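Structure record follows, encoded as structure tokens.
Bear in mind that the values in this text are calculations on the coordinates, not laboratory data. All values derive from a computational prediction rather than experimental measurement. With ideal geometry, Cβ positions are generated from the backbone for all residues, glycine too; neighbour counts draw on all protein chains shown.
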Amino acid sequence: MTDNLITHDLGLVDYESSLQKMRKFTNARMGNTPDELWLVQHPPVYTLGSSLGKEQVSGGSNIPFVHSDRGGKITYHGPGQCLVYIMLDLPRIGLGVRSLVDLIESSMVTLLSTYKISAHRNPHAPGVYVENQKIASLGLRIRRGRSYHGVALNVDMNLTPFESIDPCGYENLKVTSMALWNSLVKVDRVGVEMLEILVRSLNPLYQDVNFKDE
């Protein structure tokens, strides 16, 4: 068991600032730096992952494109989508990359079940799905055993921008949001619950959890 896991609710922040902050945190962390989870939302932005193909980008949009170093291809972020960025020292807590992905996906499936939304994983395509429509996307980067980036859950958002891309690089992939399956969802509450369920899943690996708002 290792030191504290710290969580931050950062609110609405632009993607590029978050990306630079994640890189700075990961590059600067030492062997005893506590792991952190960051809850955020972003203004509208398309992000281009490290395995992007040019054919996946269509023109005609006033939404900015930002190159990212996460895994995966192209996706969209916008208000009403909750993201948790996951900064863990994997060797220190004895967690492999595959186990981390399984933990994140299983946590999202469990969270959705509390809203009576029946979701499932796909062993051939990372993420979480409702009737084969994607509701949560994963994109991670591992540097010297430390993870960053994380999971994005569509809660109650405008899905139209997804129509201009092949989400996650899959042609004709449909996306959905929690609000289309349960009209009672509240974005801020779901974000808090995302943090809580990830903390519960990771909790056996830590001595304590500190929640912070910024």
Label Arg98 and Asn4 with points 7 Å out from Cα along Cα→Cβ: what is the distance between them in nm? 3.5 nm
Spin-label pair Arg200/Asn122, simplified geometry with 7 Å Cα→Cβ offset, distance in nm: 2.7 nm
If I model a spin label as a point 7 Å beyond the Cα along the Cα-Cβ vector, how far apart are those points for Asp14 and Phe65 in nm? 1.9 nm
Taking a point 7 angstrom from the Cα of Lys186 along the C-beta vector, which residues in the stretch 92-120 have backbone N less than 13 Å away? none
Helix 187-202 axis, angle to the chain major axis (alpha carbon atoms, nearest 10°): 40 degrees
Take peptides 134-145, 105-116, 28-39 and line them up by average Cβ neighbours within 10 Å, highest first, as a rough protection proxy. 134-145, 105-116, 28-39
Could you state the angle between the C-alpha long axis of helix 15-28 and the longest principal axis of the C-alpha atoms of the chain, as a value from 0 to 90 degrees rounded to the nearest 10? 30 degrees
